[in-house]
Amino acid sequence: MRLPFALSISTLVVLATANPLAKRAAIDDCLSSAAVPVDKPGSTDWQQDANPFNQRLPYKPVAIVVPKTTEHVQAAVSCAAKVGVKVNPKSGGHSYASFGLGGEDGHMVVELDRMNQVTVDSTMQIATVQAGARLGHVATSLYQQGKRAFSHGTCPGVGVAGHALHGGFGFSSHTHGLALDWMVGATVVLANATAVNCSETEHPDLFWALRGAGSNFGIVTTFRFNTFAAPSQVTTFQVNLPWNSASQIASGWATLQNWVQTSMPSELNMRIFGSGSQTQLQGMYYGGTGGLQSAISPLLSNLGASLSNAQATDWMSAFSYYTYGQQVDVGHPYNQVETFFSKSLVTSALPTNVLQAAGQYWVSQAKPNQRQWYIIVDMYGGQNAAIPKISADTMSYAYRDKLFLFEFYDRVAGGSYPSNGFSFLNGWVNTFTSNLNSSQWGMYINYADPTMNRTEAQQNYWRQSLPRLQQIKAQVDPTELFYYPQSIQPAK
Ligand SMILES: Cc1cc2nc3c(=O)[nH]c(=O)nc-3n(C[C@H](O)[C@H](O)[C@H](O)COP(=O)(O)OP(=O)(O)OC[C@H]3O[C@@H](n4cnc5c(N)ncnc54)[C@H](O)[C@@H]3O)c2cc1C
Ligand SMILES: *[C@@H]1O[C@H](CO)[C@@H](O)[C@H](O)[C@H]1NC(C)=O
Ligand SMILES: *[C@@H]1O[C@H](CO)[C@@H](O)[C@H](O)[C@H]1NC(C)=O
Ligand SMILES: *[C@@H]1O[C@H](CO)[C@@H](O)[C@H](O)[C@H]1NC(C)=O
Ligand SMILES: *[C@@H]1O[C@H](CO)[C@@H](O)[C@H](O)[C@H]1NC(C)=O
């Protein structure tokens, strides 16, 4: 009788260590003793907070903490370390790989979207932004408090934290840089549950690491961002591109590229948008329609294209123009979702053979594809762009010298993403990477691709910054409390 009993105990022990969800009772006890607010499993809040933006990648948390203060975050981190579960902060929940849920089952999720205050200080220069604020709320609040702004993307539901800790490109970035270029300080809860302020002068190594790889080093509870005066007038516009054949794409793109490198004015912000139904330039110009006309006409005459829908407007109307009818000032609950696979690229200027291969793929593989795919190519660098003006070693974000930022996106309107879908975007990206060396391209973790293994992902996201990031990881989080499948591995 003793032998079977002993066996069943050890079987239970093995199950408990193998299955992190088995730690639920211990973690719940610890959080309850520390009076940390949590979502009750099965409650509406739990369902909303655990529901991923990318429905393709649902994961089961062991606990969902909903802090109201930095102290709550500290207590939650301390409980997770004690019980031995991994922790991930979630702000807007828009990670393409569901990394805010941990990217696998059994993590503690620190859901920050109830902490979303935005306050501009009395100098009208520095904004204090709680980490759970979404971009639409940030833009609205900054504008209301003195017509201020900083650079960031236009999807109103994206969280400021995931966005600004890993880049943050939008319709201000050619003029004013990335969201992380405007960060001047952050309050961070580290793996040992201490809260520190970091900036250029306080914990500068941590501040260097946060700006490009922030999800690996702690939980930011509050940001301090510098701001600029929102321009009184901006002009939104499109240009329909006559890109029907592979050779039209290759030659039009070469013309565009040359202009972006040498002549595109700083006040112009622009991207290529291609889908099954259209191929166009979309943009925002800092100024009126006359200024836009003279800024862009040298390009358009070479492209054989013309301006359409040029509309001068105010700052917030331009922001909502590019949200395509979505509500701008959003908070909790946020219920928008999609089912998709996405990939990214950041590249140097492209040689002719790459433009030809990519154009050929666009025409032969993408245009006939009936799913709801799109490609966005942001005019990112060049002579007059803000991003390359910051020195490459200022922060861990790895791409100061590139010309284009790409997002490849393939979604289904209903049902599940097809298992044979991945090869479509993998093949398109391959037309670039197979013809370039690794100093000419990288990938952007804000458009995370979880199909890459950890070694490949770290190299592609962080390139030359990776060794120093791994050193800092070894100092501040050696046991990898803040882990996800593509997170930075500590240096040995
Ligand atoms: C519809 C849509 C449009 C987009 N448009 C753009 C765009 O125009 N430009 C652009 O650059 N990107 C864009 N993105 C990508 C977006 O910037 C990233 O997905 C971003 O990481 C999302 O941040 P989040 O806080 O919403 O996500 P989350 O899933 O909450 O977090 C993303 C990552 O950041 C970590 N994280 C979250 N909060 C914190 C914190 N407080 N402290 C430390 N780490 C934290 C998470 O653990 C996770 O690893 C878009 C995404 C979507 C879905
Ligand atoms: C961080 O700085 C803020 C604002 O200056 C201050 O209120 C807060 O107490 C500081 N926190 C820590 C942990 O030093
Ligand atoms: C990569 O290619 C570029 C452009 O051809 C070249 O200048 C550079 O030296 C190459 N780098 C490496 C590491 O091969
Ligand atoms: C990771 O993926 C790359 C590229 O596919 C491959 O070369 C490498 O062997 C893989 N590494 C591991 C550890 O699986
Ligand atoms: C917590 O970790 C940080 C970063 O490694 C370190 O500077 C600090 O001294 C640690 N605090 C405690 C109380 O151990």
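The values are calculated or read from the model by the stated rules, or taken from the named source; none is laboratory data. This structure is a prediction, so every number in the text was calculated from the model and none was measured. Because the Cβ atoms are built from the backbone with ideal geometry, glycine has one as well, and the counts that use them run over all protein chains shown.
Just to verify a result, which residue in region 35-54, among those that are touching a helix residue (DSSP H, G or I) at 6+ places or on another chain (Cβ under 8 Å) and crowded, with 17+ Cβ neighbours inside 10 Å, is nearest to Ser416 (Cα to Cα)?
My answer is Pro52.
Just to verify a result, which residue in region 424-473, among those that are more than 16 Å from ligand 3 (Cβ to nearest atom) and aromatic (Phe, Trp, Tyr), is nearest to Gln356 (Cα to Cα)?
Trp428
Cβ-Cβ distance below 7 Å, separation of 6 or more or different chains: which pairs start in region 24-37 with a residue that is under 14 Å from Val66 (Cβ atoms) and at pLDDT 95 or above and end on one that is assigned to a loop (DSSP other than H, G, I, E, B) and not β-branched (Val, Ile, Thr)?
Taking only residues 6 or more apart or on different chains, the pairs are Val36/Pro67; Pro37/Pro67; Pro37/Lys68.
Show the residue pairs meeting these rules: Cβ distance below 9 Å; 6+ apart or different chains; first residue within region 183-199 and under 12 Å from Leu210 (Cα atoms) and within 9 Å of ligand 2 (Cβ to nearest atom); second residue modelled with pLDDT under 95 and in a strand (DSSP E or B).
none
Taking region 454-469, which residues are in contact (Cβ under 8 Å) with a residue 24 or more places away in the chain and away from ligand 5 (no atom under 16 Å from the Cβ)?
Answer for region 454-469, where residues must be in contact (Cβ under 8 Å) with a residue 24 or more places away in the chain and away from ligand 5 (no atom under 16 Å from the Cβ): Arg454, Ala457, Gln458, Tyr461, Trp462, Arg463, Gln464, Ser465, Pro467.
Residues checked against (1) assigned to a loop (DSSP other than H, G, I, E, B); (2) within 20 Å of Lys343 (Cα to Cα):
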{"residue": "Val363", "(1), (2)": "no, yes"}
{"residue": "Trp373", "(1), (2)": "no, yes"}
{"residue": "Ala385", "(1), (2)": "yes, no"}
{"residue": "Pro388", "(1), (2)": "no, no"}
{"residue": "Gly415", "(1), (2)": "yes, no"}
{"residue": "Ser423", "(1), (2)": "no, yes"}
{"residue": "Asn426", "(1), (2)": "no, yes"}
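Residues checked against (1) under 21 Å from Gly157 (Cβ atoms); (2) within 16 Å of ligand 3 (Cβ to nearest atom); (3) buried (at least 23 other Cβ atoms within 10 Å of the Cβ):
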residue	(1), (2), (3)
Thr70	no, no, no
Val73	no, no, yes
Val77	no, no, yes
Asp105	no, no, no
Arg114	yes, no, no
Gln117	yes, no, no
Gln125	no, no, no
Val129	yes, no, yes
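For region 421-448, how many residues meet the condition of being within 12 Å of ligand 4 (Cβ to nearest atom) and under 17 Å from the mean Cα position of the chain (by Cα)?
0
Could you check how many residues of region 333-358 are farther than 22 Å from Tyr444 by Cβ and crowded, with 16+ Cβ neighbours inside 10 Å?
2
Could you check region 464-488 and list, in sequence order, the residues that are hydroxyl-bearing (Ser, Thr, Tyr) and in a helix (DSSP H, G or I)?
Matches in region 464-488: Ser465 only.
Going through Gly159, Gly170, Gly177, Gly146 one at a time, which residue ends up being under 25 Å from Gln464 (Cα atoms) and out of contact with any helix residue (DSSP H, G or I) (no Cβ under 6 Å at 6 or more places or on another chain)?
Gly170
Here's the yes/no breakdown for (1) of a type in the set (Val, Ile, Thr); (2) at pLDDT 95 or above; (3) within 23 Å of Val138 (Cα to Cα); (4) surrounded by fewer than 17 Cβ atoms within 10 Å (Cβ to Cβ):
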residue: Ala213; (1), (2), (3), (4): no, yes, yes, no
residue: Phe225; (1), (2), (3), (4): no, yes, yes, no
residue: Pro231; (1), (2), (3), (4): no, yes, yes, no
residue: Val234; (1), (2), (3), (4): yes, yes, yes, no
residue: Val239; (1), (2), (3), (4): yes, yes, no, no
residue: Gln257; (1), (2), (3), (4): no, yes, no, no
residue: Tyr285; (1), (2), (3), (4): no, yes, yes, no
residue: Gly288; (1), (2), (3), (4): no, yes, no, yes
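If Ala246 satisfies every condition in (1) within 16 Å of Met379 (Cα to Cα); (2) more than 26 Å from the chain's Cα centre (by Cα); (3) of a type outside the set (S, T, N, Q) but one, which is the exception?
(1)
In the list Phe404, Phe432, which residue meets the criterion of being more than 16 Å from ligand 2 (Cβ to nearest atom) and over 27 Å from Val184 (Cα atoms)?
One residue alone meets the criteria, Phe432.
In region 142-151, is there at least one residue being among the hydroxyl-bearing types (Ser, Thr, Tyr), away from ligand 5 (no atom under 16 Å from the Cβ), within 27 Å of Tyr324 (Cβ to Cβ) and in contact (Cβ under 8 Å) with a residue 24 or more places away in the chain?
Checking region 142-151: at least one residue is among the hydroxyl-bearing types (Ser, Thr, Tyr), away from ligand 5 (no atom under 16 Å from the Cβ), within 27 Å of Tyr324 (Cβ to Cβ) and in contact (Cβ under 8 Å) with a residue 24 or more places away in the chain.
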